[in-house]
Amino acid sequence: MHYSKVKGASLSLLGMGAMRLPQIGEGWGRPVDYGPAEELVDYCIAHGVNYFDTAYVYHGGDSEKFLGKALSKYPRDSYFVADKYNILAQPDYRLQFEEQLERLQVDYIDFYMPHGISDNFISGYLGNGCVEYFQEEKKRGRIKRLGFSFHGKPDVLRRALSYCDWDFTMIQLNYYDWFHSNTSELYSILKENNVPIMAMESVHGGMLASLTDEGNAILREAEPDRSIASWAIRFLMGLPDVSLILSGMSNLDQVRDNIATVKERKVLSGGEKELLLRASTLLFKTIAASCTFCRYCKCPQGLDIPNILNVYNDYKAGGEWRLKRLLALPEEHRPPACTNCGLCVDQCPQNLEMPKYMDEIAKAMKALA
């Protein structure tokens, strides 16, 4: 296993995310199936993985409880645990933090983050006193390193970075978002500010484990003995400022494949990156609203159409839970408020059918309730 230094911690390059553990029952966020899930943790530790990431809301809170149990048999100084404060799930950050320590069965958390700072949530996180409280807990030793996880635009990232001296930042970082979103710019901003970068959604919630049939064929022709998912890990290993590659692994095959890929540490060649661009573009064309953020669309209802479509693309690529970001908007500015007037369609240079997207999002949001 390869390791990197982050604020005095020697972290395995591969980290285990505990959002998609084996679970009991179907559907998002069901309770963890402890037996199979513990096998994954044990295999990771046996092969040098020492970073385990969870959050207050993963598996309905059962992720933290599971990790507390699974890691309790190992010496506390042999692993690093990361956790996150979620402002929507429990606004009382003091109460949430104490509950997390109890669930994890630990006296301190190695890497702690406000969860998912974004365009819509930044004012809440930076305005409710939580960061100052976590800084005090860092002084007390109950938080060892304080950072934040981020989903948002470059200017919002700059605003978050200017708020205080952060120890690290975790961003959604994978080749799909690198080629088709603003992730390369986020990476550059963090690099400019000398903030250690942790990559989450490295396989985009599993989406990059299998592309379109044509895209898969392109990659398999080049590397027939490698998994499609391994290309995503190898891409990230080629970014020199990535300190950690986090992967939410759900079964032992995924764990073995990721560990083998990281241990081999064979980064992509320039030609292989071109193949990834071709393969990911084929996928992008099948799922995305190709909004260019020109903002020619002026909605009489006040809907921020480009940002809503950005969330829509995330939802199509990674699952319904991503639509929860829209709940931070005033109700009158959410997709269900669309009146299907069609003005935005007339104004759009890309000829996007916005009312159709808004209707699809509205129905999906209703299913989340």
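Scanning region 347-369 for residues that are among the aliphatic types (A, V, I, L, M), crowded, with 16+ Cβ neighbours inside 10 Å and assigned to a helix (DSSP H, G or I) turns up Met354, Met358, Ile361, Ala362, Ala364, Met365. Counting only residues that are at pLDDT 95 or above, part of a loop (DSSP other than H, G, I, E, B) and crowded, with 17+ Cβ neighbours inside 10 Å, region 261-294 holds 1 of them. Mind checking which residues of region 110-135 are aliphatic (A, V, I, L, M) and either within 22 Å of Leu173 (Cα to Cα) or not assigned by TED's automatic domain parsing to the domain that holds Ile171 (or both)? Across region 110-135, the qualifying residues are Met113, Ile117, Ile122. Looking only at residues of region 165-201 that are small (Gly, Ala, Ser) and touching a helix residue (DSSP H, G or I) at 6+ places or on another chain (Cβ under 6 Å), we find that the one that is farthest from Gly319 (Cα to Cα) is Ser184. Here Arg226 clears all of (1) more than 26 Å from Val41 (Cα to Cα); (2) free of Cβ contacts under 8 Å to residues at least 40 places away in the same chain except the condition numbered (1). Looking across region 194-223, just one residue is in contact (Cβ under 8 Å) with a residue 12 or more places away in the chain, acidic (Asp, Glu) and over 23 Å from Met1 (Cα atoms), and that is Glu214. Of the residues making up region 132-147, those that are under 30 Å from Val311 (Cα atoms) and either crowded, with 20+ Cβ neighbours inside 10 Å or in contact with a Pro (Cβ under 7 Å, 6 or more places away or on another chain) (or both) are Phe134, Arg145, Leu146, Gly147.
Condition check ((1) part of a loop (DSSP other than H, G, I, E, B); (2) crowded, with 19+ Cβ neighbours inside 10 Å; (3) in the same structural domain as Ser202 (by TED's automatic domain parsing)) across all residues:
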position	(1), (2), (3)
Cys297	yes, yes, no
Tyr312	no, yes, no
Ala317	no, yes, no
Leu327	no, no, no
Pro336	no, no, no
Val345	no, no, no
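Name the residues in region 139-155 that are assigned to a helix (DSSP H, G or I) and out of contact with any helix residue (DSSP H, G or I) (no Cβ under 7 Å at 6 or more places or on another chain), would you? So that I can check it myself, show each step before the final result.
Of all residues in region 139-155, those assigned to a helix (DSSP H, G or I) come to 139-140, 154-155.
Within region 139-155, Lys139, Arg140, Asp155 meet the criteria.
The values are calculated or read from the model by the stated rules, or taken from the named source; none is laboratory data. Everything numeric here is computed off the predicted structure, so don't read it as measured data. With ideal geometry, Cβ positions are generated from the backbone for all residues, glycine too; neighbour counts draw on all protein chains shown.
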